[in-house]
Every structure is written in C-alpha cells, then in structure tokens.
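K.L.:
Below you will find the structure I want to go over with you.
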Amino acid sequence: MTEKKKWQTQTRMVHEGGMRSPFGETAEALYLTSGYVYDSAEQAEARFNEEEDGFIYSRFGNPTVRAFEERMMALEGAEDARATATGMAAVTACMMSQLEAGDHIVAARALFGSCRYVVETLMPRFGVACTLVDGRDLEAWQAALRPETKILFLETPSNPLLEIIDIQAVADIAHNHGAQLVVDNVFATPVLQKPLTLGADITIYSATKHIDGQGRCLGGIILGRQDYIQDRLAVFMRQTGPSLAPFNAWVMLKALETLQLRVDAHCDNAEKLTQTLVAHEQVAEVYYPHDKNHPQYALAQKQMTRGSNLIAFNLKGGKADAFKLANGLEIALISNNLGDAKTLITHPATTTHSKLSDAAKAELAITGGTLRVSVGLEDGDDLQNDFEQALAKLG
Ligand SMILES: Cc1ncc(COP(=O)(O)O)c(C=O)c1O
C-alpha cells in the first residue's frame with residue numbers, strides 16, 4: 001500500500017484495490033457471493049463483535065465491492081468510501097445517514113431532477129427543510145444559511161446547462177457555519193475535478209456514467225472522511241441495504257483501468273464538436289465549460305483540468321428544430337443517459353427536466369431549443385460531420 005501511494009494515478013487505477021486469491025489470477029477476481037462462512041462459531045462471534053476483521057454478509061461488505069471502493073479512494077484522494085446500487089442510492093444514503101428532523105439543507109437549484117426531488121420533496125417529509133439557491137451566487141448561499149443548516153449540496157457542472165459553481169468558495173461558506181459541503185461530481189468525473197481537494201467534505205458519483213463508461217451497469221459511490229463513512233454511512237447502509245452488487249462492482253473496478261484514457265478522448269471529441277456548434281449559424285448559444293465564451297470560463301479553468309464531454313446548446317429554431325436535429329443525427333443516439341462511449345443527445349425540456357414547472361425551467365434557462373450532448377468515443381471527425389449534416393437540414 002505504501003509503495004502504491006508513490007505511483008502515478010494511472011498506474012494505481014490499473015493496480016490499486018483488492019488482493020489476489022491463492023490462484024494468482026491476473027484480472028481481479030469477481031466474488032459473486034452474498035454470504036461468507038466461518039472456521040468456527042467462535043470466529044463468527046468475533047466477526048460480529050468486530051474483534052476480528054473479515055466479511056460477514058455482502059450487504060455490509062464484499063471483496064470485489066471493496067476493491068472498487070479502494071481504487072476510487074486512490075483516484076479521489078479520499079480516506080474511505082462506500083459503493084451503492086445507483087447514483088441516486090448514493091445521494092439518498094448520504095442525506096439520510098447524516099440528517100434528522102429539524103435540520104436544514106441549502107442546495108443549488110440546478111440539480112439533476114431526482115437529486116432535486118430528494119432534497120426538495122423527500123427530505124422535507126422527514127422534517128428536514130431545504131432552501132434552493134442560484135449556486136453561482138455566493139451571497140445567496142450565505143443568505144440561505146440557518147442555525148440548523150447541516151449540509152450544502154451542489155453539482156458542478158450542472159445538468160443540463162453546465163453552470164459552474166465555485167467549490168472552494170462554497171466549502172468555505174459551509175465550514176464557517178459548521179456545515180458540510182456535499183458535491184455531486186458526475187459531470188466533471190473524478191479525473192477532471194477533485195472536490196475533496198477543493199475543500200468539499202463528501203463527493204458523490206453516479207458510477208453509471210463515465211466510471212462504467214460503456215452504458216452497462218448502474219452504480220454509485222460516496223467518498224469522504226473515515227469518521228463519517230464508518231460511523232454514519234456504513235451503519236446506515238448495513239441496516240437499510242442500498243449496497244452495490246458484486247458483479248456491477250467488478251465491471252466498474254475494471255473500467256477504472258481505462259477511465260483517464262477514456263475521459264481524455266471524450267474531452268478531445270467534445271472540444272472539436274464545440275467548435276462545430278459555435279461556428280454554426282443555426283446555433284444561438286453553446287455552453288461548454290472550457291470554451292472561452294462560457295459565462296464562467298475562468299472558474300471552469302480553475303477547478304476543472306479539462307471541460308469534460310457534455311455540451312449544451314440552444315437552437316434558434318426552438319423545439320421544432322431541436323427535434324429535427326436529434327432525429328437527423330446518424331451517429332449520435334437519442335437517449336437521456338450520459339458518459340457512454342456512444343454519443344447521446346437529449347432534449348431536456350421534454351425528457352430529463354420535463355417534470356419541472358415552466359417557471360423552474362425558465363430559472364434554469366432550459367428552452368424548447370435546448371439540447372444536451374454527451375460526446376462519446378467515436379472518431380471526432382465523424383462526429384463533426386454527423387452534426388454538420390443534421391444542422392444543414394435546419395432553417
Ligand atoms: C448529476 C447526476 N447525479 C445523479 C444521477 C443519478 O445516477 P443514477 O442514474 O446512477 O442513479 C445522475 C443520473 O443521470 C446525474 O446525472
């Protein structure tokens with residue numbers, strides 16, 4: 001372990017986590033087991049008494065799931081982690097494991113729809129109040145704090161219009177108040193942005209996205225300090241069971257070997273496609289964090305090493321042209337998922353954000369002409385050509 005810590009991240013992504021079985025396999029073993037056996041009744045007693053380390057039941061822990069957690073800890077620079085069945089299980093477990101009736105959350109309003117449901121609708125049913133703010137406005141975070149505020153929650157870049165929130169500044173606001181900052185880092189990926197290094201207390205991922213990266217498995221993970229993970233989260237997960245299945249953990253573990261390489265290739269393609277969109281006369285606005293026209297370009301440069309693979313843009317021709325473009329693409333597929341090797345295009349107003357009121361959509365600047373692209377790993381020139389031929393059919 002000490003030696004591995006000296007290695008560069010890419011080397012650790014290939015080797016970190018888990019241990020070889022006595023068979024000496026090259027690829028990490030998949031421990032597809034729900035339970036474990038003990039050498040004696042005394043050993044079972046010792047495991048349950050926590051006098052002896054070892055696995056007890058896969059709802060509490062599993063060697064393959066642990067290997068995935070350890071590799072993610074190395075990537076994120078986290079003391080500890082717990083993997084969950086989905087990204088939403090991670091968000092819900094994170095909130096439920098540390099909040100109680102009377103507490104208060106302040107969250108950025110530009111959140112993935114289900115995350116917004118958890119803080120805005122679900123948690124208040126259990127007596128936890130929530131205030132939504134424009135996450136870009138640091139004074140709004142400060143003004144929303146109450147004596148009982150325990151968690152500040154944000155996602156950056158946000159879904160779908162890629163708003164950037166200053167993680168370090170919001171972490172300072174949280175800490176000056178004795179609260180914790182939780183960051184959903186899905187869009188940036190653990191390769192491009194390190195919330196814990198920027199001052200966040202907890203990072204959450206939907207591993208379903210870039211971490212799997214090939215659209216196969218659902219999964220999630222929560223990373224943070226050992227005291228929170230072991231004293232609060234592990235107990236919550238053991239008793240309520242949002243745990244990641246070993247098979248999915250194995251897929252994710254192996255996918256981490258190529259994550260940095262894939263994310264770099266995603267960014268290359270996204271940068272190229274941004275140029276195509278910026279130059280096209282049918283496109284009104286383009287939002288890509290590392291494009292110099294992005295309203296928070298300087299902040300995106302400061303906290304993200306590259307712009308990631310999501311681009312949002314508005315078409316001058318509104319919803320009719322947005323549908324025509326999506327239908328006219330030959331390589332990019334119409335889907336609400338993201339972070340896949342395949343390029344995916346989404347019309348947020350009628351899919352991912354359709355449940356929001358018109359006022360909430362307007363607040364987030366989502367219009368009929370807004371499209372979001374998750375740029376994949378196809379050839380970059382092919383992707384540019386695909387969008388050019390579909391854009392040429394508009395107007
Ligand atoms: C920003 C963000 N957070 C959380 C989730 C939830 O992840 P999952 O679908 O794995 O539950 C998503 C899914 O799209 C997302 O985009």
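K.L.:
For residue 138 and residue 230 in the same chain, what is the full-extension length gain: residue separation times 0.36 nm, less their Cα-Cα distance, in nm? Walk me through the intermediate numbers first.
P.N.:
On the way: separation 92, 0.36 × 92 = 33.12 nm, distance 3.17 nm.
Using 0.36 nm per residue and subtracting the Cα-Cα distance, I get 30.0 nm.
K.L.:
Of all the C-alpha pairs in segment 83-156, what % are more than 21 Å from each other?
P.N.:
On the way: 555 of 2701 pairs.
The proportion of pairs with Cα distances above 21 Å equals 21 percent.
K.L.:
Taking Cα pairs under 8 Å and at least six residues apart, what relative contact order does the chain come out at, in percent? It would help to have the intermediate numbers written out before the result.
P.N.:
Values: 789 pairs, mean separation 64.0, N = 395.
Result for the chain is 16 percent.
K.L.:
How large are Rg and Dmax for the chain when calculated on the C-alpha trace, in angstrom?
P.N.:
21.6, 76
K.L.:
Please turn the phi angles of segment 270-287 into ³J(HN,Hα) values with the Karplus equation 6.51 cos²θ - 1.76 cosθ + 1.60 (θ = phi - 60°), one per residue in order, whole Hz, x for glycine and proline.
P.N.:
With the stated coefficients, segment 270-287 comes to 5, 4, 5, 5, 4, 4, 4, 5, 4, 7, 8, 5, 7, 9, 7, 10, 10, 10 Hz.
K.L.:
Report in % the part of the accessible area of segment 130-202 that belongs to carbon and sulfur, leaving out ligands and nucleic acids; probe 1.4 Å. Before the final figure, lay out each step's value.
P.N.:
Details: 1040 of 2270 Å².
Heavy-atom surface of segment 130-202 belonging to carbon and sulfur, 1.4 Å probe: 46 percent.
K.L.:
How long are the semi-axes of the equivalent ellipsoid of segment 160-218, taking √(5λ) for every eigenvalue λ of the Cα gyration tensor, in whole Å from largest down? Numbers along the way, then the final one.
P.N.:
Details: eigenvalues 123, 27, 16 Å².
Result for segment 160-218: semi-axes of 25, 12, 9 Å.
K.L.:
Moving to a separate point now. Treating only the Cβ of Lys, Arg, Asp and Glu as charged (+1, +1, -1, -1), what charge dipole size does segment 2-258 show about its Cα centre? Round to the nearest 20 debye.
P.N.:
Working: 23 positive and 33 negative charges, 130 e Å.
About 620 debye.
K.L.:
How big is D, in µm² s⁻¹, for segment 260-392 by Stokes-Einstein at 20 °C and 1.002 mPa s if Rh is the Kirkwood radius over C-alpha pairs?
P.N.:
Reported coefficient: 144 µm²/s.
K.L.:
Between residue 305 and residue 10, what length in nm is gained on full extension when 0.36 nm per residue of separation is reduced by their alpha carbon distance? Mind dumping the intermediate values first?
P.N.:
Values: separation 295, 0.36 × 295 = 106.20 nm, distance 1.56 nm.
Length gained, residue 305 through residue 10: 104.6 nm.
K.L.:
Could you give each residue of segment 299-307 its phi-based ³J(HN,Hα) in whole Hz, using Karplus coefficients 6.51, -1.76, 1.60 with θ = phi - 60°, and x for Gly or Pro?
P.N.:
5, 4, 5, 6, 10, 10, 6, 9, x
K.L.:
Still on this model: GluC sites (Glu not before Pro) within segment 9-107: which are DSSP loop residues with at most 11 other Cβ atoms inside 10 Å?
P.N.:
Values: sites: 16, 25, 28, 42, 45, 50, 51, 52, 69, 70, 76, 79, 100; in loops: 16, 25, 28, 50, 51, 52, 79, 100.
In loop regions of segment 9-107 (DSSP not H, G, I, E or B), the sparsely surrounded GluC sites (Glu not before Pro) are 25, 50, 51, 100.
K.L.:
Which value in Å does the Kirkwood hydrodynamic radius of segment 225-328 take, with 1/r averaged over all unlike C-alpha pairs and then inverted? Intermediate values should be presented prior to the final figure.
P.N.:
Working: mean 1/r = 0.0576 Å⁻¹.
Computed over Cα pairs of segment 225-328, the Kirkwood hydrodynamic radius comes out at 17.4 Å.
K.L.:
Which value in deg cm²/dmol, rounded to the nearest 500, describes the helix-derived mean residue ellipticity at 222 nm for the chain, given -39,500 (n - 2.57) per DSSP H run of n ≥ 4 and division by the residue count? Don't skip to the end; give the middle numbers.
P.N.:
Working: 16 runs with 147 residues, N = 395.
Estimated from H runs of four or more residues: -10500 deg cm²/dmol.
K.L.:
Further question on the same structure: Out of the trypsin sites (Lys or Arg not before Pro) in segment 203-269, which ones are loop residues according to DSSP with at most 15 other C-beta atoms within 10 Å? All intermediate terms of the calculation are to be shown ahead of the outcome.
P.N.:
Details: sites: 209, 216, 225, 232, 238, 254, 262; in loops: 209, 216, 225.
For trypsin sites (Lys or Arg not before Pro) across segment 203-269 that sit outside H, G, I, E and B with at most 15 neighbouring Cβ atoms in 10 Å, the list reads 216, 225.
K.L.:
How large is the accessible surface per residue of segment 260-392, computed with a 1.4 Å probe and reported in Å² as a whole number? If you can, show how the numbers build up before the last one.
P.N.:
Working: 5600 Å² over 133 residues.
Solvent-accessible surface per residue comes out at 42 Å².
K.L.:
Cut-off 17 Å, label point 7 angstrom out along Cα-to-Cβ of residue 281: give me the residues of segment 378-394 whose amide nitrogen falls inside.
P.N.:
388-394
K.L.:
For segment 2-258, what is the accessible area per residue in Å², given a 1.4 Å probe and the full set of protein chains?
P.N.:
Working: 10930 Å² over 257 residues.
For segment 2-258, the solvent-accessible area averages 43 Å² per residue.
K.L.:
Expressed as a whole percentage, what fraction of the accessible surface of segment 260-392 belongs to carbon and sulfur atoms when a 1.4 Å probe is rolled over the protein heavy atoms? Present the calculation step by step, with values, prior to reporting the outcome.
P.N.:
On the way: 2830 of 5600 Å².
That share works out to 50 percent.
K.L.:
Sticking with this one: For a label point 7 Å from the Cα of residue 172 along Cα→C-beta, name the residues of segment 197-229 whose backbone N is under 13 Å from it.
P.N.:
Hits in segment 197-229 for residue 172 at 13 Å: 199.
The values are calculated or read from the model by the stated rules, or taken from the named source; none is laboratory data. Remember, it's a predicted structure, so these values are computed and weren't measured experimentally. A quick note on method: Cβ atoms are made from the backbone with ideal geometry, for glycine too, and the neighbour counts reach across all protein chains shown. Remember, those area values only see protein heavy atoms, side chains included, never the ligands or the DNA or RNA. Shrake-Rupley method; radii C 1.70, N 1.55, O 1.52, S 1.80 Å.
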